[in-house]
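Below is one structure, written out as structure tokens; the observations come after it.
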Amino acid sequence: MTESALRVAYVVAAESDPRSAWLTTRSILRQDPPPAGLVVAADVLREHAFAGLSEPARSPVLVEFVSCRVLGIGPRYMAGLRSIADKADVVVLCREGTLFRPDHLAELAALFGRRQELVGLMQQAGSVRRMTSDAGADQNILDESLSGAAPDAAPRAWLAAARRSVAGALRSRSLTASMLAVRLTSFRGLSLSEFGTGRSDFLSFASCLDRLRPRGRVMAGASAKLVELRYGDDQRQARRAGREAFLSLSRFRGEASSLVVSAPAEIGRLLAEAVAAIVSDPARRAWALDFMRGMRDGLREAGLRRK
């Protein structure tokens, strides 16, 4: 199928933050050309929180809502896939808080149109944009993130660029927002019921790629076309996040292929990111220390399970 005839649709799993979901859907509606469809899937208990996303936008694409009675991120993705299946050839799955630059769809369609053997593609966000509690700044956040403009003052722009480069090199992929694009004709018979509940879908998407591998070619990597939105790190959740990250990687060790992730290398990146935060960012030191304590808890728990 040629690039121009390839229909690409998006499924956004909404969780708890209407602001992040609004920014994600608006970034998708800015795609040129527009997507074949856009579905927001939410748990039935949280559907009311995302009602504002149905407000008209300057786009020929309508935002379709799907409510899921089964709790969990996996059932939401599956509900969205079923809803959009007859409108698309390639479907992109992501969570709220992932922004897509305006040429993301065109680049994706070109790749799948050019490589007919490609059945699955996972991308991680190439940059992170911190959010504030000021909802009035959301439009500016959207404009700056999608244009690639840096909010730093010109005299110190070089320093900010250097920090971003170092942070990007150390950033752990397993905690970075990810998206999965699948060719629907090759996805039949697979389930997404194994998805976790962490901040990122990286490990679940990687597992899905491994299951798609016998059906064709799969690819994975970072993309400058994706931007992750993050609030200030929640110190109360840092220790739990560290424990869950370590245990997820430990379980993943025997399943993932070398193409997608090496569990020992990813654990090293997690520690390197935490150490970099301790050294360079006073505001995140307490969070990073608690995160490392959580990883230690995970190490102990994994050791007890093996006994």
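For this structure, a couple of remarks:
- Subset of region 70-109 [surrounded by fewer than 20 Cβ atoms within 10 Å (Cβ to Cβ) and farther than 16 Å from residue 15 by Cβ]: 82, 83, 85, 86, 87, 89, 102, 103, 106, 107
- Cross-chain or 6+ apart pairs with Cβ under 9 Å, region 102-122 first and farther than 12 Å from residue 181 by Cα, then aliphatic (A, V, I, L, M) and assigned to a helix (DSSP H, G or I): 102/146
Okay, residues lined up against (1) modelled with pLDDT of 70 or more; (2) more than 30 Å from residue 85 (Cβ to Cβ):
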| position | (1), (2) |
| --- | --- |
| 135 | no, yes |
| 139 | yes, yes |
| 144 | yes, yes |
| 152 | no, yes |
| 157 | no, yes |
| 199 | no, no |
| 205 | yes, no |
| 212 | yes, no |
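- Of the residues making up region 14-42, those that are of a type in the set (Val, Ile, Thr) and within 15 Å of residue 104 (Cα to Cα) are 24, 25, 28.
- Hey, residue 21 in a helix (DSSP H, G or I) and either modelled with pLDDT of 75 or more or crowded, with 16+ Cβ neighbours inside 10 Å (or both) or not: yes
- Region 274-307 - residue that is modelled with pLDDT of 75 or more and acidic (Asp, Glu) and, of those, farthest from residue 246 (Cα to Cα): 290
- Residue in region 220-237 that is assigned by TED's automatic domain parsing to the domain that holds residue 112, small (Gly, Ala, Ser), modelled with pLDDT of 75 or more and buried (at least 18 other Cβ atoms within 10 Å of the Cβ) present: yes
- Residues located in region 110-135, provided they are out of contact with any Ser or Thr (no Cβ under 8 Å at 6 or more places or on another chain) and part of a helix (DSSP H, G or I): 110, 111, 112, 114, 135
The values are calculated or read from the model by the stated rules, or taken from the named source; none is laboratory data. This structure is a prediction, so every number in the text was calculated from the model and none was measured. Here Cβ is always computed from backbone atoms with ideal geometry, including for glycine, and neighbour counts include all displayed protein chains.
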